[in-house]
1. Can you name the residue in region 40-49 that is without any contact (Cβ under 8 Å) to a residue 12 or more places away in the chain and under 23 Å from Ala79 (Cβ atoms) and is also surrounded by the most Cβ atoms within 10 Å (Cβ to Cβ) among such residues?
2. Please go through region 22-39 and pick out each residue that is at negative phi and surrounded by fewer than 14 Cβ atoms within 10 Å (Cβ to Cβ).
3. Return the residues of region 1-30 that are more than 18 Å from Val65 (Cα to Cα), in a helix (DSSP H, G or I) and either at pLDDT below 75 or not acidic (Asp, Glu) (or both); say none if nothing qualifies.
4. Could you tell me whether Met13 is of a type in the set (A, V, I, L, M) and loosely packed, with under 14 Cβ neighbours inside 10 Å?
5. Looking for something buried (at least 16 other Cβ atoms within 10 Å of the Cβ) and in contact (Cβ under 8 Å) with a residue 24 or more places away in the chain - is there at least one such residue anywhere in region 50-66?
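The values are calculated or read from the model by the stated rules, or taken from the named source; none is laboratory data. It should be emphasised that the depicted structure is a prediction, and the values quoted were computed from it without experimental measurement. Backbone-built Cβ (ideal geometry, glycine too); neighbour counts: all protein chains shown.
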Amino acid sequence: MWKEAKAPSLADMEAMAPTVVPTLDLIKDAMELSLAHWISGYDAVYVALSKRLEAPLVTVDGGLVTALAGKPFQILPLAELEI
């Protein structure tokens, strides 16, 4: 049976203190990552953001995980995420 999820309140969301990073600030790094590691520009923007924030990138994209395996990035397959 499914549990009913409670939507976070505005106070809950403010407590998370989200960081806003304009895509334009990531473009140079993303293009370099895309060309160096043969990943899409779209994926590279998320990798660049992850690197900038020093936070893992959680993804279901097995191709991205494979492409960056053994590289100095924090890429975590969703299946391995512990909550």
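1. Here is the first cut: in region 40-49, the residues without any contact (Cβ under 8 Å) to a residue 12 or more places away in the chain are 40-42.
Narrowing further to those that are under 23 Å from Ala79 (Cβ atoms): 40, 42.
Values: Ser40: 14, Tyr42: 9.
My answer is Ser40.
2. Pro22, Thr23, Leu24, Asp25, Lys28, Glu32, Leu35, Ala36, listed by residue number.
3. Result: Leu10, Ala11, Met13, Ala15, Thr23, Leu24, Ile27, Lys28.
4. On the way: of a type in the set (A, V, I, L, M): yes; loosely packed, with under 14 Cβ neighbours inside 10 Å: yes.
For Met13, the condition - of a type in the set (A, V, I, L, M) and loosely packed, with under 14 Cβ neighbours inside 10 Å - is met.
5. yes
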